[in-house]
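The values are calculated or read from the model by the stated rules, or taken from the named source; none is laboratory data. Predicted model, so just to flag it, every value in this text is computed and none were measured. Reconstructed Cβ throughout: ideal geometry from the backbone, glycine too, with neighbour counts over all protein chains shown. Surface accessibility is based on the protein's heavy atoms, side chains included, excluding ligands, DNA and RNA. Shrake-Rupley method; radii C 1.70, N 1.55, O 1.52, S 1.80 Å.
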Amino acid sequence: MNTVHLPPGKLPAVLLAELLGQEAPADPRVLIGPRVGEDAAVINMGDRLLIAKSDPITFATDAIGYYAVTVNANDIAVMGGTPRWFLATLLLPETSTTATLVREIFTQVRQACRDLGITLVGGHTEITVGLSRPILSGHMLGEVARERLVTSAGVQVGDAVLLTKGFPVEGVSIMARERATQLAAQGHAARDIVQWQQFLYAPGISVVRDALVLQQAVEVHAMHDPTEGGVATGLWELAQAAGVGLHISAERLPVLPAGALLCEAFGLDPLGTIASGALLAAVPATQAARAIDACAAAGIACYHIGTAVANPADVVLHTGTTSQPLPTFAQDEILRLFQD
């Protein structure tokens, strides 16, 4: 028996693939079940498809209500769907929970739902033994017309790989929120720290609008929401889901200036730092410029970062005249903040 302890964060991709490979949906209405690289399940409900997703908030300790609604809505949107109904399982620490804390979290959830036109339909709330901070596990249901469904597996050889906004948006917000005192001691101005904390909202971790703009402008073959493990992990998941390789240009990767600055301050690699707020998309190469222009017209930065190739083993990062395998991360770089 293997007694090696696994690190915090996502399960290793090989182990996850092994576990999910044992699960063959018995219900023929399940069109997309559990598989590595796909953002949600898809169930045939007749004239519409139901998209189902669950995702917990474990890194952030404040604004978890907003986080939970937004990241789950993202995973519905990247499959071409509209997020509709939200359920929340809220676990609260026994030693520090107050009525004020619970009300604040519920206020965040309700406001985030209102902003995206989502209805809160249920869930579960309890004070739990052994927790040091609140944990909110969100569950989102959405719907999509069959012809509008987009999956991570849809990447085609020759597609342009696009990325919106830049990265790591969510990482910047978490670093500024969790280490504000340390940043101030390093000499960073209070106004900059506050601005970085607000990356949660501007440029924001929601990609619902990004996905809609792209779908309205061009033929989108695939979309994926890079979260834990950063953009690098998101790209690996996209490649694995579609069975393709990816050639990514290091020079084209849009690391946000604040992201580069804070990652350097805490010794993190931006490529492996939690990246909600960015959207990965694969579109026909001939439509890449149109996609970028449409995003620009909507006030969303969009970058052509690479190309899909036939060999699934060929997932590489090109830097100048040299190439190397795209980095992999056993755990998200942001966990260093909490482990330290």
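Using a Gaussian network model of the chain in which every pair of alpha carbons under 10 angstrom is joined by a spring, one finds that among G204, G234, G122 the greatest mean-square fluctuation is at G122. Summed over the residues of segment 119-273 and divided among them, the accessible surface reaches 39 Å² per residue at a probe radius of 1.4 Å.
Using a 1.4 Å probe on the protein chains only, how many percent of the accessible area of segment 127-275 belongs to carbon and sulfur?
On the way: 2910 of 5480 Å².
The nonpolar share, carbon plus sulfur, comes to 53 percent.
Under a Gaussian network description of the chain, with springs only between Cα atoms under 10 Å, the residue in H318, H221, H188 that fluctuates furthest is H188.
So, counting K/R as plus one and D/E as minus one, what does the shell of residues with Cβ under 15 Å around E23 add up to? Computed value for this residue: -2. Potential lengthening of the chain between T319 and T95 amounts to 75.6 nm, from the contour at 0.36 nm per residue minus the alpha-carbon distance.
In the chain, the DSSP-assigned H stretches of four residues or longer account for a calculated mean residue ellipticity at 222 nm of -10000 deg cm²/dmol, using -39500 (n - 2.57) per stretch and the full residue count as denominator.
Residues of segment 243-278 with an amide N closer than 18 Å to a point placed 7 Å from the Cα of Y201 along the Cα-to-Cβ direction: 277. Taking the average, over residues, of other Cβ atoms within 10 Å as the packing measure, peptides 159-169, 124-134 rank 159-169, 124-134 from highest down.
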